[in-house]
Amino acid sequence: MLVLCACQAVAGGPFSQRAELRGPRFEAVLINGGGKRSSNYLSHLLHVKEFNELLTRAGVPASNITIFNADGTNPGADLAVRRKQREDNFWLLQGTRLEKALKPKVSYESSEIAGADVRPATPEDLQDWFEDAARRLRPGDTLFFYVTDHGTKNENDLTDNYISMWGDKVTLSVRELGDMLRLLDPGVRVVTMMSQCYSGSFANLMYTASNNAVPDGHICGYFSSTAERRAYGCYPENRDKDNVGHSFQFIDALRSTPNFPEAHARVLVTDRTPDVPMRTSDVYLRDLLSAAAKEASQDADEMADRLLREAWLDKARWEPEIRLLDRIGQVFGYFSPRALAELHQQSTLLPDVSEKFKAYSQRWRLCREALAEENLKRFLTAQPAWEARISEEAVKSLDERGRRELSAALLPELAAHTAGDTSTAERFDFLKKRSEQAKAARYRMQVRLGVVLRMETILRNIAGRVFLEQHASTAEREAYQALVDCEALVLSDDAASESRLVVPEPFPSYEEELQLAEAILPGWMGVRFRQVSDLRREDYGLQDGAVSVQAVYPDSAALEAGLEVGDIILGPPDALFAEQYRLREWIMTAPIGEQQTLLVQRGGAQRVVTLTPRPFPIKMPDLPGPPKEGSPAPPIDKVQAYRGEIPTDLTKGGPYLLFYWATWCRPCKAALPEVLAFERERNTKVISITDEIPRQLKKFFAQWEDPFPQIVGWDELRRSFLAYAISGTPAFVLIDAEGKVEKAWTGYRASDGLKIPGWTWSPEEQKDETVLTIDGLEIPGSTSSQEEQKEDATDE
């Protein structure tokens, strides 16, 4: 049974008719170029195999699927494979001379895809395929074109980036692929999916037939990132990891929903890499806005924000997009934006924050690796029989199996030796934890930047659709709709299977990241140093950890303490440094702001200096994060009153319950009876705050007949939303009589209530409950009535 179909979007669109493709032909091309065997990774081969399996399960005949993979069926080795590190304690060797020697080596195998039509991934072979396909594909047929590979950025023209093909420096550009697509009848629908670095450039294939005029909508696709950004595989944190990134997430989403647009929406939430999933239609709307802004001599983002303000006049229309923004914010520890201006600071500062965490991670890692080298020395002193077994010559003579056996024998004994030295074991635990925390936080910052760009894409899409309605030509509106129709590819339910991915925990909030940054912030004294030479140590009778000061930085603790170039730092008077590079660990772990003493040798004399470690020289950017419980509540004096009086000073007249709501928000309305009961029984003023303007509120209250809090404020610029990091509605902030935050939370379920300690409520009539879902993703903290449930709950 042939099982691919197109969703109906607008009657009369080029791909609007939903019909199983028993008549029209469906073909698929799956590409993994690889470049050369050293860069042809196993993950790419797995992508191709899994998509081939998915299409086969969907009923696509094997004869209709062509795979271009590396060197094709050539039996020579074309695939790089690295055995995973089996030993949990291998980190004890990181930084030592044995790390590289005993680390699993890359081996090379011949890639195989059983039962498939596999060809070499060369431009010539692909050209031949297109020439053949041009003779059999007809108007109404569909070509699915999938790429998992390396990508290269064209620094001179981001609209013409490259895919790596098989062969050293062999590539395929956007224009070259466009030339191949021109061989097909213009009535053939082409849906691409690309997961390589800089893949967003290939969205420009939409202009293939129109030569950069209005696209005709027969070429569309899905991409892992923008034209200027790397994809997940280029981040070292993902090296040797399975089932991460755009391709794996998209394939897994298609196992749950056969609908490509729904799968794309799911990936926006579930992909925990720096990828920025986008569609051709997103890029087209961005291009339209940019062109319109340029013609009007306006800033494109400012124009988009004006259009967004118009969109929010009817927020109910945009509820799916708003809920998607909310869900992304909740999963990744962010607020939910309503304007591009709200995201500009993050997109500017997050790369800098990421680099600072990188510096932290590197410094903590250097400390741990220095300790590992010293620990190995002490082990060899205690176990001299190992010296010969792990000498450079002995290890070099071993094959892969011999190295595995050596590691398996060495590491348990080294781990036991380390555990027996309590001081060293505790230092290892501390340094390992710090380096891993900083490394993970750095990567999360890179992911957060990708998430900001995902949110920007959603907001631009909304703005672009408002622009289409109000300002675009008929041809531009038809082009956009044709692209949406083209993207609406659907597999049959036969493709469904169980998800293979584990749903991870949500990201910590940005406030928690700042707390982590404070906890792992290394101390700093402000010197450049090197180890004292063996001869000099012998002359002065110094221990191994003595270091010579090479430079003293201005405005540093070292300069303030009177340290000078040429001084020899010996260590604390009662615990001189006996290990190389011990000074680095000492200053990084010393309490910041607390005086420390060091014994210093200057010339032939020794002296004690007093030094106060300072924080590592970094200014953390002040990004939005929820206020801590017990901290002063941010003022809401910028909130304007629709009715009632908005307090200008939250330290007076309280306590207060801030209730962030929206006129279109069903869970907000479900919470109202309990909110009003809490106001009455606890004598706590409820201040309801929305970002909707008075005109919208007037219309709402003209129709609303049930009780509602007396104080209603509107905050169109969302200043208080940002101050309290509101990521969805309903949201609540309980402020005590002293004006301090007592509790803050998002979401409401009738069964759970307001989640305020000591508060219980038993309504006479409680609505039946359901969890609101978007694209099969559960939105926690939502309720709806039975009638609403019929309308809004979606099947997973």
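The values are calculated or read from the model by the stated rules, or taken from the named source; none is laboratory data. As the structure is a computational prediction, the values presented were derived from the model and not from experiment. We place every Cβ from the backbone using ideal geometry, glycine too, and count neighbours over all the protein chains shown. Protein only, heavy atoms only, side chains kept; ligands, DNA and RNA dropped before computing areas. Shrake-Rupley method; radii C 1.70, N 1.55, O 1.52, S 1.80 Å.
Determine which single condition Ala677 fails, assuming it passes every other condition in (1) at pLDDT 95 or above; (2) within 18 Å of Leu754 (Cα to Cα); (3) crowded, with 18+ Cβ neighbours inside 10 Å.
Unmet for Ala677, out of (1) at pLDDT 95 or above; (2) within 18 Å of Leu754 (Cα to Cα); (3) crowded, with 18+ Cβ neighbours inside 10 Å: (3).
From the set of residues in the stretch 326-350 that are in a helix (DSSP H, G or I) and hydrophobic (A, V, I, L, M, F, W, C), which is nearest to Gly464 (Cα to Cα)?
Filtering first and then ranking leaves Ala341.
Need the failing condition index for Arg719 against (1) over 25 Å from Phe332 (Cβ atoms); (2) open to solvent by 40 Å² or more (accessible area, probe 1.4 Å); (3) at pLDDT below 95, just the number.
Arg719 satisfies all of (1) over 25 Å from Phe332 (Cβ atoms); (2) open to solvent by 40 Å² or more (accessible area, probe 1.4 Å); (3) at pLDDT below 95 except (1).
When both residues are 6+ apart or on different chains and their Cβ atoms are under 7 Å apart, which pairs have a first residue that lies in the stretch 750-767 and is more than 17 Å from Asn683 (Cβ to Cβ) and modelled with pLDDT under 80, and a second that is open to solvent by less than 100 Å² (accessible area, probe 1.4 Å) and hydrophobic (A, V, I, L, M, F, W, C)?
These pairs meet every condition: Gln766/Ala750; Lys767/Ala670; Lys767/Ala750.
Would you mind stating whether Gln606 is out of contact with any Ser or Thr (no Cβ under 8 Å at 6 or more places or on another chain) and part of a helix (DSSP H, G or I)?
Taking the combined requirement at face value, the residue does not satisfy it.
Would you say Asp429 is open to solvent by 50 Å² or more (accessible area, probe 1.4 Å) and either part of a helix (DSSP H, G or I) or modelled with pLDDT of 95 or more (or both)?
Considered against the rule, which asks whether it is open to solvent by 50 Å² or more (accessible area, probe 1.4 Å) and either part of a helix (DSSP H, G or I) or modelled with pLDDT of 95 or more (or both), Asp429 comes out as yes.
Inspect all residues belonging to the stretch 318-325 and state whether any of them is farther than 19 Å from Asp715 by Cα, open to solvent by 50 Å² or more (accessible area, probe 1.4 Å) and in a helix (DSSP H, G or I).
Scanning the stretch 318-325, I find at least one residue that is farther than 19 Å from Asp715 by Cα, open to solvent by 50 Å² or more (accessible area, probe 1.4 Å) and in a helix (DSSP H, G or I), so the answer is yes.
Step by step: first the residues of the stretch 46-78, then only those that are among the small types (Gly, Ala, Ser) and part of a loop (DSSP other than H, G, I, E, B), then the one that is surrounded by the fewest Cβ atoms within 10 Å (Cβ to Cβ). Which residue is that?
Out of the qualifying residues, it is Gly76.
Counting only residues that are in contact (Cβ under 8 Å) with a residue 60 or more places away in the chain and either β-branched (Val, Ile, Thr) or open to solvent by 30 Å² or more (accessible area, probe 1.4 Å) (or both), which one in the stretch 31-45 is nearest to Asp132 (Cα to Cα)?
Taking the candidates together, the pick is Ile31.
Across the stretch 285-306, what is the total count of residues that are open to solvent by 10 Å² or more (accessible area, probe 1.4 Å), farther than 29 Å from Pro506 by Cα and assigned to a helix (DSSP H, G or I)?
13
Just need a number here: residues in the stretch 260-283 that are in a helix (DSSP H, G or I) and either in contact with a Phe, Trp or Tyr (Cβ under 8 Å, 6 or more places away or on another chain) or within 14 Å of Phe202 (Cα to Cα) (or both).
The total comes to 8.
Mind checking whether some residue in the stretch 616-625 is within 35 Å of the chain's Cα centre (by Cα), over 30 Å from Ser336 (Cβ atoms) and open to solvent by 20 Å² or more (accessible area, probe 1.4 Å)?
yes
Could you please find all residues in the stretch 108-121 being under 23 Å from Ser397 (Cα atoms) and out of contact with any Leu (no Cβ under 9 Å at 6 or more places or on another chain)?
Scanning the stretch 108-121 gives no hits.
Determine whether the stretch 150-168 contains at least one residue that is touching a Leu at 6+ places or on another chain (Cβ under 8 Å), more than 19 Å from Asn211 (Cβ to Cβ) and without any contact (Cβ under 8 Å) to a residue 60 or more places away in the chain.
yes
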